[in-house]
Amino acid sequence: MEDFQTNPQASISIIDKFKLGKKWFWIGIAVATLNVVAGLAYGIALLTEKDYRKEGLVIIAWAVIWALIGFFVIGPYLIKSGILPKFKIIR
C-alpha cells in the first residue's frame, strides 16, 4: 500500500474516486425512485463492481422499499382520493 505522503497522486485518485462513487450512488437512488426496474438494474450492475457492492445493495433495497410503499400506501391513497380510477376485471 502506498503512503499518501510519499505519493500525493495516490491520495488525489482516492478522493476523486470517493466523490465519483457518491455522485453515482445518489444518481442511483434517484433512478430507483423514479423507476423501480431501472433502479434494480442499476443496483445489480453496481453489485458486479467490486468497489461498489454496498452502494448496489442500498440501491436495490431502496428500489424494493419504494415499490412497496407505492403499491401499498400511495396507490390506495390516490384511488381513495379519486385521482386514480378504480379498475375492475370483467369476465
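Laboratory data are not the source of any read-out in this text; all were calculated from the coordinates shown. Everything numeric here is computed off the predicted structure, so don't read it as measured data. Using ideal geometry, Cβ is built from the backbone for each residue, glycine included, and neighbour counts are taken over all protein chains shown.
Scanning region 50-85 for residues that are in contact (Cβ under 8 Å) with a residue 12 or more places away in the chain and loosely packed, with under 12 Cβ neighbours inside 10 Å yields one hit, ASP51.
When residues in region 55-91 are screened for being assigned to a helix (DSSP H, G or I) and not small (Gly, Ala, Ser), 20 of them pass.
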